[in-house]
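Written out below as structure tokens is the structure these notes cover.
Just so you know, all these numbers are worked out from the coordinates, no wet-lab data involved. Please read all numbers here as calculations on a predicted model, not as lab measurements. Cβ: placed from backbone, ideal geometry, glycine included. Neighbour counts: every protein chain shown.
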Amino acid sequence: MIKLSICLLSFNEEGNIRRALESVLPLLDVVSGELVVLDSFSTDRTVEIAEQLGARVFQEPWKGYVGQNNAILAKCAGEWVLSLDADEEATPELLESVKKILAAQNPAAGYLINRRSVYMGRLLAYAWQPDLKMRLARREANLRCTGNNPHPVLRVDGRLERCAGELLHYSYRDFSGHMAQTVNFARQRAESDYALGRRAGYGAMLFKPCFVFFKKFILKRAFLDGVPGLVSAFSSAAYIYMRQSFLWELWSAADSGRREKESR
């Protein structure tokens, strides 16, 4: 029986996927397990690299973050599932913790793992911290993905505990890529909010970004990370502002279309 399935979604990740998969290969030396990759028809060497490292690779069209995560979970055969992003790397301490959990007599249903960002070539100590994600779980605990685009959430039925060790998150290669991703994520979240009937508020557009910046930069002490900490706090505030602005734009277009129909 397969004890552990390590799964990962990919699309044009040739610059990241080797680091991610190689970081967890030591686990498979001591635990009966598998690597599972669900690719969205990459046009680079992503699939080739994954197969070289022994992964079972599937290819399916992109169904959104929630749909794609549920699709890969359905392909996992292990008692346990460890979910990674292609731009993450497991630390040796995390691997040791996972081994102990898999051998435990009364484990929890799922385990929260902290992610620490590597940004502008620097491992951040305060910015975006803590960043706890439920990434290790028993399949029999009704493991599934919920949430919304672009922020899926893995859930289980049962007790959660925190897992020692961390995932290093190599999220952005440069500032322009960071801002492009922030815009992309803000637009996707606005579309999810719109589908749920949520509206943008003037107060949220004006005051919430300021509060988020203050919280991240001062209260969470991102200023101790120097310029990368300042950039991270600014990007968090910008994300909130753009999310509300995109949501306002969607509702303005819908309201305008409705008024035009009513006037006919």
Helices (runs of 4 or more DSSP H) wholly in region 161-225 with at least 3 residues that are more than 22 Å from the chain's Cα centre (by Cα) - which ones? 202-206, 208-214
Reported set for region 61-100 where residues are surrounded by 16 or more Cβ atoms within 10 Å (Cβ to Cβ) and acidic (Asp, Glu) is 79, 85, 87, 88, 89
Looking only at region 16-57, how many residues end up being more than 19 Å from residue 71 (Cβ to Cβ) and touching a Lys or Arg at 6+ places or on another chain (Cβ under 8 Å)? 7
Out of contact with any Gly (no Cβ under 8 Å at 6 or more places or on another chain), farther than 26 Å from residue 152 by Cβ and not aliphatic (A, V, I, L, M): which single residue out of 197, 226 fits that description? 226
If I ask for residues that are closer than 23 Å to residue 70 by Cα and in contact with a helix residue (DSSP H, G or I) (Cβ under 7 Å, 6 or more places away or on another chain), which ones from region 155-166 would you list? 156, 157, 158, 163
Pick from region 49-101, criterion part of a helix (DSSP H, G or I) and β-branched (Val, Ile, Thr), ranking: farthest from residue 131 (Cα to Cα): 49
Mind checking which residues of region 197-230 are aliphatic (A, V, I, L, M), more than 15 Å from residue 186 (Cβ to Cβ), surrounded by fewer than 20 Cβ atoms within 10 Å (Cβ to Cβ) and touching a residue at least 24 places away in the same chain (Cβ under 8 Å)? 224, 227
Among residues of region 9-22 being small (Gly, Ala, Ser) and touching a Leu at 6+ places or on another chain (Cβ under 8 Å), the residue farthest from residue 135 (Cα to Cα) is 10
